[in-house]
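Here the structure is laid out as structure tokens; the discussion comes afterwards.
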Amino acid sequence: MDFLEISPHELECSNAFNMIGKEWFLICAADAERECGANAMTASWGYLGNMWNKPSAVCFIRPQRYTYSLAERAERVSLCFFGEGERETFSYFGTKSGKDGDKAAACGLHYDYIDGVPYIRAAKTVLICRKLYVDDLREECFTDKSIISSFYKAGDYHRIYACAIEKVLSAKCKVSENFLALLGNFHFIKIDFR
């Protein structure tokens with residue numbers, strides 16, 4: 001897919017709740033030990049907004065995920081958004097481990113790179129993010145203890161990655177390009193009906 005680099009302020013995000021919580025996204029990190037050079041995992045928790053006067057994204061990774069160690073070593077990660085209709089792909093990325101193979105290839109997807117940061121080429125929107133702050137959720141910090149029994153029975157608290165959004169890649173609209181090419185084949189004449 002061809003991309004345009006746009007400002008984070010131009011990102012068309014009419015509903016971040018849907019983008020993150022309903023449509024889900026992939027977190028990609030470089031993996032020098034793999035032939036494909038990257039790994040991605042499904043995420044459905046996160047935030048987009050402003051932090052420390054920077055356009056920012058916050059994502060969460062559990063310590064048992066293969067992507068966790070990659071994100072720990074990487075200075076930058078990408079967040080790849082596809083829109084609706086990719087639930088089967090996201091389920092695969094969420095249930096299979098990158099330790100066992102190239103999940104992107106298994107789904108017919110391909111990695112590409114910008115400034116050494118991997119992303120999934122088929123995404124509609126890609127955020128290239130630089131880590132600013134990393135910390136773990138801690139049991140003693142939860143004011144609503146029911147969250148622990150609902151989400152952390154195994155004590156596997158997520159690591160929080162607060163990131164500056166350095167670049168936004170937005171998929172070019174193929175319809176517009178095709179339409180413009182079609183228009184180029186027509187000859188317009190001016191008709192004056194006076």
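Using θ = phi - 60° in the Karplus curve 6.51 cos²θ - 1.76 cosθ + 1.60, the 3J(HN,Hα) couplings for the range 39-46 round to 8, 9, 9, 6, 9, 9, 10, x Hz; x is entered for Gly and Pro. For V168, neighbours were defined as the other residues whose beta-carbon sits under 12 Å from its Cβ, and their charges (Lys and Arg +1, Asp and Glu -1) total -2. Helical runs assigned H by DSSP (4 residues or longer) give the chain a calculated mean residue ellipticity at 222 nm of -5000 deg cm²/dmol, each run adding -39500 (n - 2.57) before division by the residue total.
Compared with the direct C-alpha span, the chain from D2 to W45 gains 12.8 nm at full extension, assuming 0.36 nm per residue.
Charge tally around S56: other residues with Cβ under 12 Å, Lys/Arg +1 each, Asp/Glu -1 each, net +2. Taking 0.36 nm per residue of sequence separation and removing the Cα-Cα distance, the K54/E72 pair yields an extension gain of 4.3 nm. For the chain, lysine pairs separated by 8 or more sequence positions, or belonging to different chains, with Cα-Cα distances below 19 Å total 9. For the chain, the solvent-accessible area with a 1.4 angstrom probe is 60 square angstrom per residue. How big is D for the chain, in µm² s⁻¹ as a whole number, if Stokes-Einstein is applied with the Kirkwood radius of its Cα pairs at 25 °C and 0.890 mPa s? It diffuses with D of about 134 µm²/s by this estimate. Seen from Y66, the other residues with C-beta closer than 9 Å to its C-beta sum to a net charge of 0, counting Lys and Arg as +1 and Asp and Glu as -1.
Surface composition of the range 5-129: carbon and sulfur atoms hold 47% of the protein heavy-atom accessible area at a 1.4 Å probe. Select from F93, F81, F17 the residue whose mean-square fluctuation is largest in a Gaussian network model of the chain (Cα-Cα springs shorter than 10 Å). Between F93, F81, F17, it is F17 that shows the largest mean-square fluctuation.
Comparing mean-square fluctuations of A30, A106, A74 from a GNM of the chain with C-alpha springs under 10 Å, the top value falls on A106. When each of the peptides 96-103, 114-121, 38-45, 137-144 is scored by the mean number of other C-beta atoms lying within 10 Å of its residues, the order from highest to lowest reads 38-45, 114-121, 96-103, 137-144.
The values are calculated or read from the model by the stated rules, or taken from the named source; none is laboratory data. The structure displayed is predicted, hence computed values, not measured ones. Positions of Cβ are backbone-derived with ideal geometry, glycine not excepted, and every protein chain shown enters the neighbour counts. The protein model used for the area step is the full one, side chains on, heavy atoms only, and it has no ligands, DNA or RNA in it. Shrake-Rupley method; radii C 1.70, N 1.55, O 1.52, S 1.80 Å.
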